[in-house]
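The values are calculated or read from the model by the stated rules, or taken from the named source; none is laboratory data. Model, not experiment: these values are computed from the prediction. Glycine gets a Cβ as well: all are built from the backbone with ideal geometry, and neighbour counts include every protein chain shown. Just so you know, the surface numbers come from the protein's heavy atoms only, side chains and all, with ligands and any DNA or RNA stripped out. Shrake-Rupley method; radii C 1.70, N 1.55, O 1.52, S 1.80 Å.
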Amino acid sequence: MSKSIMHNKQEGTCFLCMKLNCDYDRRTGLEEHHAVLGNPGRKQAEHYGLKVYLCTQHHREGPEAVHNNKANLRLVQQEAQKAFEKKHSREKWMAAFGRNYL
C-alpha cells in the first residue's frame, strides 16, 4: 500500500472537511478513498498515492459524501490530478487514467 501524495493520514483530518469547511479538527474512524475510481483507476490511484482520508459523512453517508455527490467527487479527482502533475506530466496522467479532470 503506497502513501498518499495528497493527504497525510497521520494528521487525522478529513480532506473534504478541510477543503469545503476550513475544518481542521482531528477525527477518528477516517476512511480511505481512492481519488480515481473504476478499474484500473483504483489500482493506479493506489500505485501513485492518489488517495485521501474522509469522515463517513464525506465518504459514503449523507448528501456531501463523494459516493453520493458528483461535485465533491470531482473536487477530489481534480486535486488528485493536480498532485500527480506536480510530479509527472499531463501526458503520463492521460496514459494512466485516460481522463482529464481539470
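Observations on the model:
- Taking the charge dipole of the chain about its Cα centre, with +1 at Lys and Arg Cβ atoms and -1 at Asp and Glu Cβ atoms, the residue from Asn8, Asn68, Met94 reaching farthest to the positive side is Met94.
- From most to least packed by mean Cβ count within 10 Å, the peptides 89-95, 65-71 give 65-71, 89-95.
- Where Cα atoms sit under 14 Å apart: lysine pairs in segment 5-102 separated by 8 or more or lying on different chains: 4
- Solvent exposure of the chain amounts to 59 Å² per residue of accessible area, where only protein heavy atoms count and the probe is 1.4 Å.
- Remark: accessible surface ordering of Arg27, Arg42 (largest first) is Arg42, Arg27, probe radius 1.4 Å.
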